[in-house]
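See below for the structure under consideration.
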Amino acid sequence: MKRILSFSFVAAMAISSLNAGVLATVKDANITITDEEIAPFLAQNNLQGSELSAEDKKKLIDDMIKYKLLVAEAKKSGVENTDEYKRQLELAKDGIAFNLWQREEAKGVSISDEEAKKIYDENKQSFMQPDSVTASHILVADEKSAKNAIAKLSKVKKEDLKAEFNKLAKEISTDPSAKENGGDLGSFGKGMMVPEFEKAAFALKDGEMSKTPVKTQFGYHIIYKEGSKKAETMPFEKVKDLIKNQLLPGKVNKKLDDKANELFNKITVEYAK
């Protein structure tokens with residue numbers, strides 16, 4: 001029989017809150033499934049309840065019911081009276097106690113601005129923002145359509161070009177997102193677009209539109225370059241929180257290691273020969 005739920009999911013269910021919304025009940029088996037019980041599964045898979053289809057949510061609930069039915073069968077078998085059950089129960093208690101204590105210890109750990117700034121100053125090359133372009137595009141299937149679009153937009157005044165470009169993108173672009181964003185691609189650096197598109201976009205001047213169609217594997221593009229930025233080091237304030245989040249786990253681990261070594265140094269260990 002396939003395993004219905006992973007051990008980590010089962011363990012998470014065991015410590016979830018009982019004060020939760022009821023999703024399903026099985027009266028003849030005395031089973032209740034709550035939204036708190038499915039929360040750990042969603043979290044470990046980076047999901048929200050709203051992201052599940054009704055069918056997937058029902059399958060998850062059904063799997064949990066099957067799991068609880070099997071648990072009931074296991075208990076009926078008398079497994080709780082075995083020495084192995086008692087041994088594993090103690091191990092599980094140790095793990096839960098350690099995890100809860102570790103969580104509390106972590107609350108007392110933080111990274112100061114000074115610690116983060118030191119890392120920033122020592123690794124500024126890691127916080128470089130490369131050359132980037134802000135652009136929009138119109139994508140069409142054939143070269144003739146692209147040339148017609150260029151001819152039409154070439155008659156537009158420079159100060160009106162962006163608005164007219166985005167308007168035309170909504171009307172004719174085959175890019176699925178164009179109807180919503182007018183072909184806006186936001187900002188991108190080198191290596192983020194296909195080579196032909198990237199070369200053409202970076203070659204344009206700010207406020208300029210490509211004068212000839214740009215062919216790629218997707219079709220024919222007309223590109224409008226809104227602006228550009230030269231490579232620069234991101235300011236500390238912009239990356240401070242990111243640095244702190246990266247440093248925090250290491251600092252928590254060091255605190256636990258230091259505590260373990262402190263306790264270990266106070267005892268005498270007799271190794272078997």
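Filter the cross-link list Lys167/Lys225; Lys117/Lys251; Lys170/Lys190; Lys147/Lys215; Lys199/Lys225; Lys118/Lys259 down to pairs whose alpha-carbon distance in this structure exceeds 21 Å.
Result: Lys170/Lys190; Lys118/Lys259 exceed 21 Å.
I want to check the label-to-label distance for Glu196 and Glu262. Put each point 7 Å from Cα in the C-beta direction and report it in nm to one decimal.
Each label point is offset 7 Å from its Cα along the Cβ direction, giving 6.5 nm.
Lys58 to Ala92: FRET efficiency via 1/(1 + (r/R0)^6), r the Cβ-Cβ distance, R0 22 Å, to the nearest 0.05?
Working from the Cβ atoms, E equals 0.15.
If I take R0 = 25 Å and measure r between the Cβ atoms of Lys107 and Met234 in this structure, what FRET efficiency does the formula 1/(1 + (r/R0)^6) give, to the nearest 0.05?
0.30
Based on Cα coordinates alone, diagonalise the gyration tensor for segment 131-230, multiply each eigenvalue by 5, take square roots, and list the semi-axes in whole Å, largest first.
18, 15, 13
Where a ≥ b ≥ c are the square roots of the eigenvalues of the C-alpha gyration tensor, would you call segment 140-181 rounded, which needs a/c under 1.5, or, failing that, prolate if a/b is larger than b/c, or oblate?
Here segment 140-181 falls in the oblate category.
Please report the relative contact order for segment 131-230, taking Cα pairs under 8 Å with a sequence separation of at least 6, and give it as a percent rounded to a whole number.
44 percent
Hey, can you list the DSSP H helices of the chain whose Cα span along the axis is 30 Å or longer and whose average Kyte-Doolittle score is at least -1.0?
Flagged H segments are 54-76, 236-264.
Can you quote the Å³ per residue value for the convex hull of the Cα atoms in the chain, rounded to an integer?
286 Å³
Could you point to the residue in Phe127, Gln102, Phe165 farthest towards the positive end of the chain's charge dipole, with +1 and -1 charges on the Cβ of Lys/Arg and Asp/Glu respectively?
Phe165
Given a Förster distance of 30 angstrom, what is the FRET efficiency for Glu122 paired with Gln44, based on the Cβ-Cβ distance and rounded to 0.05?
0.30
Computed from the coordinates by the stated procedures, all read-outs in this text should not be read as laboratory data. Note that the structure is a prediction, hence the values are computed from the model and not measured. Heads up, the Cβs are rebuilt from the backbone with ideal geometry, glycines too, and the neighbour counts pull from every protein chain shown.
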